[in-house]
Amino acid sequence: MKFLGWISGLILTLVISIYVLAFTGFGNSLVKPIVENELQKVTKLDAKLSEFSLSSDNFNIILDLDSRNTIYISGNYSIFSKKFNVAYKLRLDKLENLQPLTNSKDIRGVFHTTGRINGDTKFITVDGISNVASSNTSYHIELTDFNPTSIIAKVKKADLAQLLYISGQKKYAQAKLNVDINFKNIDPNKLDGDIKVITKDGRLNTQVMKDDFNITIPKTAFAMNLYAKLSGKNIDYKYKLKSNLANFNSLGRVIPQPLQTDIKYNLDVKELAVLKPITSADIRGALKLNGTVKGTKENMVILGYTDIASSKTSFKTILKEFQSKSITAKIQNLKVQKLLYMVKQPHYADALVDVNIDISDAKMGQLAGNILTNIKQGKVDTKFITKEYKFKHKMPKTLFKAKISTKLDKNMINSKITFNSTLADLYVKKAHFNLDDISLKSDYSLNIAKLEKLFFVTEKHILGGIKIDGELKKAKDLDFIAYSDIVGGKLEAKLHNDNINIDLKDIKTIELLHKLIYPEIFSASLDAKVNYDLAKNKGHMNGKLNNGKFTQNIAFDLAKEYAKINMYREGFKGDVKADINKEHIIASLDLQSRTSSIKTQNTKLNTKTNQIKSTINIDANGNEIIVKLSGDTTKPKVKVDASELVKAKAKKAIAKEIEKKFGDKLGGDVGNILKSFF
């Protein structure tokens, strides 16, 4: 008996101790700092309990999350029956201070609500009111075993601009929002209820759209209605958005668990720019789109029909786990000029484009499929191109067309390209684009039938055409290789980023001069190396000339007449060098033959203006002739100084006559007498 008495006394002591700690003022003062510490850990805020009163059947708590946000809770409860009746009030005047608790950097503004919580651990009801976003809001929530089972709420005349502000968005629009929610049962398998959302007097804030997205839109009014009926597992809905910029309608059935959809949609956008805040796409123009969305999470089919860029376009996308599994599409007569307008690009050209897309596997890294593109009726806007790139001469009328065949193979995009235009033709047999390292490797063949048509770019009249074959590589660096048979010889060019090296072999100068419409005065074989920096527009050339022959010219005619040497029969060889600075070329030439030489230094040539200034020194078997060229390269001014040659010729003629008439009398002094005259 003593033992039972001792046990009873111990239990009674524990009960009294717990009661004192939990339900008395003294006990509350001891528990309060412990509770505060736990609240601070949970909320990550410097929360304080300005009032903490807890008794055996009621409590009163005021929690200051900070100086601007306070929660009031009071009520009574029964420990044994587990029933409670609680009044609450949330006065949150600065939501942005609660970021550590909400884990949101966007939420801000004010939120007030009051209400009561009644029930027990099995069934709870929550009734409250709020003036969130200047609305008149009431709500009733039922929880069974702490899980929501019923929600009834009415929101009248909520201010959309304030709701945007509270959610951290700018006031892109303003409207009055009415919401009527009547969810009698929100069990996914036993849905019962409906929801109505009506938006009235909506207007877009054109100034904010201008400031944030550089979009200028007209005054825009809008209205929105949503009605959804919940029944069993099904949600049947109708949605309509109407404005003077865009209209969107959608209706159908959604089964949330497991997800199934059977939806129709229709979008008519008069100005795509207005959707930038939603899509983040910097595009403009009109768009019509309609289609269906059917299927499950494992296999969802999206069909669509659109008139994008005045085309006739249809597409089918199959999603698996909301990721694209396959894509097929057919685009007919898309207008390039309208597409350029939509993506805010200048009007470079007009053309029609047809595209057939058949991608059986759209997963990155496992791509498989084909894309066929046909560009037709292309016409370059030559007036715009001439003005945009500040060409001095107008670009000629240019028509074009193209065909591109593309095959997707895992991480590779392989294309074959045929591009034809009135300026040039381009053929690519194998272009490989690697999606993993974003690298490109491609062959090419470029054929320009008439180089004269490129005068607006080159500012140089060039006869004939040219065909260039080569390879292009672009990864970390840009590498470009070009080969061409040109003017009787061969050209090989290699570009690495900004540096280009050109090898010329066995170039026929007479053909080159003819092609460049320069006077055809010299025929030779040229081997040369050119190094050029495209970024600096500077370079250098070193070359050698062989088997050089000159056509008829004044200097050689004088040499033939007075020096009695036929330089036309001479074969010349030697070096040619040039320093290049944009269009300015400074060249030197050193040619030698069996009996003669031709030299020039600091010859100045401007390839844009076709101006030349040169002094050429000719040694015709010991006889000096100086030739000066200046002016236009096609018809330069030529000045020939053959005074030394003529003087020598006259000296010999006079000596011969003196010798003939006075030779016996003057004896051996004839040479000395002549020297005194010259």
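Residue by residue, here is whether (1) over 24 Å from the mean Cα position of the chain (by Cα); (2) without any contact (Cβ under 8 Å) to a residue 60 or more places away in the chain; (3) in a strand (DSSP E or B) holds:
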| residue | (1), (2), (3) |
| --- | --- |
| N333 | yes, yes, yes |
| K338 | no, yes, no |
| I357 | no, yes, yes |
| K394 | yes, no, no |
| A402 | no, yes, yes |
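For segment 284-300, the tally of residues that are surrounded by fewer than 16 Cβ atoms within 10 Å (Cβ to Cβ) and under 19 Å from I359 (Cα atoms) stands at 2. Quick one: is N497 among the polar types (S, T, N, Q) and surrounded by fewer than 14 Cβ atoms within 10 Å (Cβ to Cβ)? So N497 fits the description; yes.
Restrict the check to segment 306-313 and report whether at least one residue is over 30 Å from K407 (Cβ atoms) and part of a strand (DSSP E or B). Scanning segment 306-313 turns up no residue that is over 30 Å from K407 (Cβ atoms) and part of a strand (DSSP E or B).
Looking at segment 549-559 only, could you name the residues that are in a strand (DSSP E or B) and farther than 19 Å from T603 by Cα?
Result: K549, single match.
The residue that is farthest from M209 (Cα to Cα), counting only those in segment 282-303 that are without any contact (Cβ under 8 Å) to a residue 24 or more places away in the chain, assigned to a strand (DSSP E or B) and in contact with a Lys or Arg (Cβ under 8 Å, 6 or more places away or on another chain), is V301. All of (1) modelled with pLDDT under 95; (2) assigned to a strand (DSSP E or B); (3) outside the structural domain of K635 (by TED's automatic domain parsing) hold for L454 with one exception: (2). Report, by residue number, each residue of segment 407-456 that is out of contact with any Asp or Glu (no Cβ under 9 Å at 6 or more places or on another chain), of a type in the set (V, I, T) and under 24 Å from K376 (Cα atoms). Hits for segment 407-456 are I413, I417, T422. Looking only at residues of segment 457-479 that are among the charged types (D, E, K, R) and under 27 Å from the mean Cα position of the chain (by Cα), we find that the one that is modelled with the lowest pLDDT is K476.
A count restricted to segment 319-329 and to residues that are surrounded by fewer than 16 Cβ atoms within 10 Å (Cβ to Cβ) and not in a loop (DSSP other than H, G, I, E, B) stands at 3.
Consider segment 99-131 and keep the residues that are in contact with a strand residue (DSSP E or B) (Cβ under 6 Å, 6 or more places away or on another chain) and of a type in the set (A, V, I, L, M). The one that is farthest from K41 (Cα to Cα) is I129. Taking each residue of segment 193-218 that is on the phi < 0 side of the Ramachandran plot and looking for partners that are among the basic types (K, R) and assigned to a strand (DSSP E or B) with beta-carbon atoms closer than 7 Å, six or more apart or interchain, yields D194/K229; K200/K176.
For A482, the conditions (1) hydrophobic (A, V, I, L, M, F, W, C); (2) over 27 Å from the mean Cα position of the chain (by Cα); (3) assigned by TED's automatic domain parsing to the domain that holds A362 are fulfilled apart from (3).
Could you list, in sequence order, all residues of segment 601-645 that are of a type in the set (V, I, T) and out of contact with any helix residue (DSSP H, G or I) (no Cβ under 6 Å at 6 or more places or on another chain)?
Scanning segment 601-645 gives T603, T607, T609, I612, T615, I616, I626, T633, T634, V638.
Scanning segment 39-73 for residues that are hydroxyl-bearing (S, T, Y) and at pLDDT 85 or above returns S50, S67, T70, Y72. Taking segment 261-279 only, how many residues are in a strand (DSSP E or B), touching a Leu at 6+ places or on another chain (Cβ under 7 Å) and either of a type in the set (F, W, Y) or surrounded by 17 or more Cβ atoms within 10 Å (Cβ to Cβ) (or both)? Of the residues in segment 261-279, 2 are in a strand (DSSP E or B), touching a Leu at 6+ places or on another chain (Cβ under 7 Å) and either of a type in the set (F, W, Y) or surrounded by 17 or more Cβ atoms within 10 Å (Cβ to Cβ) (or both). With respect to the conditions (1) of a type outside the set (A, V, I, L, M, F, W, C); (2) over 27 Å from Y532 (Cα atoms); (3) buried (at least 18 other Cβ atoms within 10 Å of the Cβ), G548 lacks only one, and its number is (2).
Scanning segment 513-545 for residues that are closer than 21 Å to Q592 by Cα, outside any loop (DSSP other than H, G, I, E, B) and among the acidic types (D, E) yields one hit, D527. The number of residues in segment 423-451 that are surrounded by 14 or more Cβ atoms within 10 Å (Cβ to Cβ) and assigned to a loop (DSSP other than H, G, I, E, B) comes to 5. For T114, are the conditions met, namely being at pLDDT 90 or above, touching a Gly at 6+ places or on another chain (Cβ under 7 Å) and of a type in the set (S, T, Y)? So T114 passes the test.
Only residues that are modelled with pLDDT under 90 and surrounded by fewer than 16 Cβ atoms within 10 Å (Cβ to Cβ): list them for segment 139-163, please. Result: T144, D145, F146, N147, P148. Residue pairs whose Cβ atoms lie under 6 Å apart, separated by 6 or more positions or on different chains, with the first residue in segment 476-501 and over 22 Å from S525 (Cβ atoms) and the second of a type in the set (S, T, N, Q) and assigned to a strand (DSSP E or B), are K494/N501.
Against the list (1) touching a residue at least 24 places away in the same chain (Cβ under 8 Å); (2) closer than 26 Å to K154 by Cβ, the condition N97 fails is (2).
The values are calculated or read from the model by the stated rules, or taken from the named source; none is laboratory data. The model shown is predicted, which means the values in this text are computed figures rather than measured ones. All Cβ positions, glycine included, derive from the backbone under ideal geometry; neighbour counts span all protein chains shown.
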